[in-house]
Structure formats: structure tokens, C-alpha cells
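Note sheet for the following structure.
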Amino acid sequence: MRLSIEPTGRTEFGPGVVADLPAYVDTLARTRAFVVTDRGLRATGIVGRVEKILAAAGLDHAVHEDVGPNPSTAELDRGAARLREFGDTAAVAVVALGGGSALDAAKGISLLAGNPGAAAADADRLWDAEAGPPLIAVPTTSGTGAETNGFGVTEDLRARRKVYIGHPSVKPRIAVLDPELTVGLPPAVTAATGLDALVHGIESLASRGSSPVSAAYAAQAVTLVGRWLPIAHRDGGDLEARSQLMLGAHLAGHALTLSGLGLVHGLGHALTAHTGTPHGVALAAVLEEVMAFSAPSAQAAYEAVGRALRVTPEPDWAEASIAAVREVSGALGIKRPLRDLGVTADLIPAIAEGALADAVTRNAPRQPSAAETVELLRSVY
């Protein structure tokens, strides 16, 4: 076996660590901050809190709030133009504030700003581009793990497909994990983002790219998320649950960065691209069914999942782990049939085609045929 593992960025974890944001900017030898966040976060008070922290430190800053739930290539292009207008990018740190969409968008915005003339639709040609300004990631949900890696997912609305945009320079240099920022998150958002983290752990364990290092991250992530997600969902003000869930999601992010994901995410991306379904909800629609399909090729992985969820194999680990995942999903009330997500029967072949074309699907332990993918989707229709 041969492994090549890049050093991870710095992680600051704990209630209240966001107050030290100006010091983190200074650590990167930057004197200005460009905050990228989504359109709805200001209403929570978090954006205002960050602005006050930056202003109190005398740090010149701007806030860019033009990011939607599934950021498009056009939104990234607009954000990059705004960042260049803000001034000399050599003095700027990009502060990615929000959920996975904001963090992914910030990566693309930073990279594009460092490459004038480039467009987000040309993402495939940007892996060898010039470096963008460094990022500080401040997640406000516990799910995507986007603070752990240097790539993001954006949506090409014309092609109706997800596009991966990334570069080593936009892997966040510092991840600021403040669980206070997730206290009071609505149950539906907690469920969708937390389910995403659970899937990251499960798929990382079963991925063709799994290694002892990624598996160590993934197993601990499944343990933490499996235990604390239902509690955080039930009581949004439980700081201990929020803290442990955030840490579990972060570990799951490290796992997926090393191992890659699989068919659950391939199907989830395609569902979102065609229907706009929130990412975690799309994953929940197919999770147990993909696990059952993959089981013949993922017995050891599902034993690790079962052990992480502290279940007894009855009659085998795969069945036990699937049952445990079904129990977590059921407690969240997140699983819905595809027809309730806006999928029509004639759309299923196109969703299957999109899933099979997605790069993450190549990491699945059992590779599905087109017919098998269609049948799987029909089984949850």
C-alpha cells in the first residue's frame, strides 16, 4: 500500500472561538477580510456578529451575500468580480461563513479572483491555475465538512449538472469550528446537514479509496454523528450535542477528502441538479437502498459502520448497519419518496445518467449498470 496525505490545515474548535477571527486573519499575514456568506444568514444575527468582531479589531472588510442554496457558476463569477473590486487580493483573506454552499462558493470565488478572465464554467481547467487568496472557513452548520478540503461543488444551470471547482490554494488554511454558531439551527436544517455528515462517514468507509487513515476519521465520525445528531435535532439548544456533532462532521470531512465518496452522493447530486432538492434530503431518499445494493462488496465497511453505531449483527453486519441507519433517518423524519421531491417517472433515466457520470460514483464499492441505477431509483419513487 502507498499513501500520499497532505498536511491538514489548522483547526480551532470550541464555543466562542469565532471571537478570535481577526487574529486568524493576522496569522495569514493579511490585513483585510472579504466575507462570503449566503443570502439568508444575516437574519440569524451571525453575519452581524462577525462584522462587529472584525470592526472592533479595526480590520477593513466587506461582506458578499450573493450565494444561494445550490450556488451556480454565475454566482461564483459575480462573487469573483466583487472580490476584485474590493481591492488588492494580495492583502485579503477570504472568510467563508455559512453552510456548505457558502464555503464551496467562497473557494470558487477566491480561485476565480486570482485568475482574471477565468469563468466558473471552465472549472475543469482551473486545477492548475494561479493561487487565489487564502481562506478561513467558519461553518455555521454541521454536515458538509467543506472546511477540510480545497474543492467545492457548483451548479452549471445550462448543463443541469454539478461541477467540481477547486485548487490546492483554496483549501481553508484555518477552520474555525464554533458550535455556538449552530445553536438554534432549525430541526430540518440540522437533519439535512447532519445526515450528509453521516453519509460522508459511511461512504468513506465503503469507498474504493478507503485507507486506514481515512477509515479512522470515518469511524469516529459515524460514532459521533450517529449518537449526537438525533439529540441535536430534538433539542437545538443543547450545546454539548451541537459541539460533538460539529466535531463529527469535521472528521467526516477529513475522511471524504482522503477517500472519496460513492453512489449515494452521485445520486444525490443528480437529484438536486434536476429538482433543487436540498442535498441532505436527496441523500436520505436513497441511502439505505444504496447500502443494500452495495452490501455484497462492502461487508467489512458495513461491519465498521455497525460497530461505530454500536449495534449487534442480526443476522449480519450489513443488515444491522442498514437497520441502524434507518433508525437514525427515521428519528429525523427526513426520508421521502422521490415523487414528493418533484421527480416524475420520465425523469428517472436522466437522473440515473447524471449519477453514473458523476466522478464520485466511480468510488462506489459496487459499480451499478444503467439499468440497476434506474431500478434503484424506481424502488424509492
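Of note:
- Tally, over segment 78-97, of residues that are outside any helix (DSSP H, G or I) and either at pLDDT below 95 or within 22 Å of the chain's Cα centre (by Cα) (or both): 7
- Consider segment 51-74 and keep the residues that are farther than 19 Å from Glu147 by Cβ and in contact (Cβ under 8 Å) with a residue 60 or more places away in the chain. The one that is surrounded by the fewest Cβ atoms within 10 Å (Cβ to Cβ) is Ala74.
- Test: residue in segment 213-223 that is free of Cβ contacts under 8 Å to residues at least 40 places away in the same chain and either over 20 Å from Thr11 (Cα atoms) or open to solvent by 30 Å² or more (accessible area, probe 1.4 Å) (or both): yes
- Of all residues in segment 152-209, those satisfying the criterion of being among the hydroxyl-bearing types (Ser, Thr, Tyr) and modelled with pLDDT of 85 or more are Ser169, Thr182, Thr190, Thr193, Ser204, Ser207.
- One residue alone among Val153, Val163, Val94 is touching a helix residue (DSSP H, G or I) at 6+ places or on another chain (Cβ under 8 Å), under 25 Å from Tyr217 (Cβ atoms) and not polar (S, T, N, Q), and that residue is Val153.
- Filter result for the condition that a residue is on the phi > 0 side of the Ramachandran plot and touching a strand residue (DSSP E or B) at 6+ places or on another chain (Cβ under 9 Å), over Gly108, Gly100, Gly152, Gly145: Gly145
- Residues of segment 255-267 include at least one that is more than 23 Å from Tyr217 (Cα to Cα) and open to solvent by less than 10 Å² (accessible area, probe 1.4 Å).
- Given (1) in a loop (DSSP other than H, G, I, E, B); (2) of a type outside the set (Lys, Arg); (3) over 15 Å from Val305 (Cβ atoms), index of the condition Ala249 fails: (1)
- Of residues in segment 160-204 being of a type in the set (Lys, Arg) and within 24 Å of Val281 (Cβ to Cβ), the one most open to solvent (accessible area, probe 1.4 Å): Arg160
- Options Ala318, Ala323; residue that is more than 22 Å from the chain's Cα centre (by Cα), over 27 Å from Leu347 (Cα atoms), open to solvent by less than 10 Å² (accessible area, probe 1.4 Å) and free of Cβ contacts under 8 Å to residues at least 60 places away in the same chain: Ala318
- Complete set of residues in segment 278-295 that are closer than 13 Å to Arg366 by Cβ and buried (at least 24 other Cβ atoms within 10 Å of the Cβ): Val290, Met291, Ser294
- Members of segment 126-159 found to be surrounded by 24 or more Cβ atoms within 10 Å (Cβ to Cβ), of a type in the set (Gly, Ala, Ser) and more than 19 Å from Asp26 (Cβ to Cβ), listed by number: Gly132, Ser142, Gly143, Gly145, Ala146, Gly152
- Sole exception among (1) within 16 Å of the chain's Cα centre (by Cα); (2) more than 24 Å from Asn363 (Cβ to Cβ) for Glu203, by number: (2)
- Residue match in segment 256-270 (condition: assigned to a helix (DSSP H, G or I) and touching a Phe, Trp or Tyr at 6+ places or on another chain (Cβ under 8 Å)): yes
- Scan of segment 59-77 for residues that are in a strand (DSSP E or B) and either closer than 29 Å to Leu185 by Cβ or in contact with a Gly (Cβ under 6 Å, 6 or more places away or on another chain) (or both), ordered by number: His61, Ala62, Val63, His64, Ser72
Residue by residue, here is whether (1) open to solvent by 40 Å² or more (accessible area, probe 1.4 Å); (2) touching a Gly at 6+ places or on another chain (Cβ under 8 Å); (3) at pLDDT 95 or above; (4) within 26 Å of Pro168 (Cβ to Cβ) holds:
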residue: Phe13; (1), (2), (3), (4): yes, no, yes, yes
residue: Tyr24; (1), (2), (3), (4): no, no, yes, yes
residue: Ala33; (1), (2), (3), (4): no, no, yes, yes
residue: Arg39; (1), (2), (3), (4): yes, yes, no, no
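- Tally, over segment 31-53, of residues that are in contact with a helix residue (DSSP H, G or I) (Cβ under 6 Å, 6 or more places away or on another chain) and within 19 Å of Pro133 (Cα to Cα): 6
- Any hit, segment 296-304, residues being closer than 15 Å to Ala192 by Cα and either in contact (Cβ under 8 Å) with a residue 60 or more places away in the chain or open to solvent by less than 10 Å² (accessible area, probe 1.4 Å) (or both): no
The values are calculated or read from the model by the stated rules, or taken from the named source; none is laboratory data. The structure presented is a predicted model; accordingly, all values stated were derived computationally and were not measured. For neighbour counting, all protein chains shown are included, and Cβ atoms are generated from backbone atoms with ideal geometry for every residue, glycine included. Remember, those area values only see protein heavy atoms, side chains included, never the ligands or the DNA or RNA. Shrake-Rupley method; radii C 1.70, N 1.55, O 1.52, S 1.80 Å.
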